[in-house]
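Everything below concerns the one structure shown next.
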Amino acid sequence: MEFNRDTSNLIATLRGLPQDRSTARARPAFTLGSLIEVLEERYELGHEKLTDVIAKNWKTIVGPQWAHQCCPQAIVDKVVLLIQVPNPILRQELRFQERQILTRIQKLDGGDVIRALNFRAG
């Protein structure tokens, strides 16, 4: 039989045992299956993420001449794609092509959520 902490401490005092002064709380136990389901849902496991779709199509998005020199890094605030660019010359060239790159990304499955590009040195 489970008692709450106050009741357990009262019983311990009456029996001459030390009280439980821990600040930890007892939490309900979950089955491993339910935890896996929660993790799959939270982190979208088993579903292809937008960053993966963009990375797969990177050569067609920016063109073969620049695809090996820059790469998509992350999506910030669910609307801005960070692109890692190694030098300022390429960064400027990609800024000239920003509208076309953004249009190609928005044509991808799920890419319509991307509203802006941000070029980062790296």
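The values are calculated or read from the model by the stated rules, or taken from the named source; none is laboratory data. Computed from a predicted structure; not experimentally measured. When we count neighbours, we look across all protein chains shown, and the Cβ atoms used for this are built from the backbone with ideal geometry, even at glycine.
Please work out which residue is farthest from Ile114 (Cα to Cα), limiting yourself to the range 75-92 and to residues that are in contact with a Cys (Cβ under 9 Å, 6 or more places away or on another chain) and surrounded by 13 or more Cβ atoms within 10 Å (Cβ to Cβ). First the steps, then the outcome.
So the first thing to find is which residues in the range 75-92 are in contact with a Cys (Cβ under 9 Å, 6 or more places away or on another chain), and the list is 83-86, 90-91.
If we keep only those that are surrounded by 13 or more Cβ atoms within 10 Å (Cβ to Cβ) too, we end up with 83-85, 90-91.
Numbers: Ile83: 13, Gln84: 16, Val85: 18, Leu90: 21, Arg91: 19 Å.
Going through the qualifying residues, I end up with Leu90.
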Are there any pairs, at least 6 apart or on different chains, whose C-beta atoms fall under 8 Å, with the first in the range 17-44 and of a type in the set (A, V, I, L, M, F, W, C) and the second assigned to a loop (DSSP other than H, G, I, E, B) and modelled with pLDDT of 85 or more, and if so, which? Leu39/Leu45
Cβ contacts < 8 Å: first residue assigned to a strand (DSSP E or B), restricted to the range 110-122; second residue of a type in the set (Lys, Arg), any location; separation 6+ or different chain. Result? Phe119/Arg91; Phe119/Arg95; Ala121/Arg91
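Residues are listed down the side, and each one gets a yes or a no for (1) in a strand (DSSP E or B); (2) surrounded by 10 or more Cβ atoms within 10 Å (Cβ to Cβ):
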| residue | (1), (2) |
| --- | --- |
| Arg21 | no, no |
| Gly33 | no, no |
| Gln73 | yes, yes |
| Gln100 | no, yes |
| Ile105 | no, yes |
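Mind telling me which of the residues Ala67, Ala12, Ala26 ends up being over 15 Å from the mean Cα position of the chain (by Cα) and closer than 15 Å to Ile105 by Cα?
Working: Ala12 fails: closer than 15 Å to Ile105 by Cα; Ala26 fails: closer than 15 Å to Ile105 by Cα.
None of the others qualify; the one that does is Ala67.
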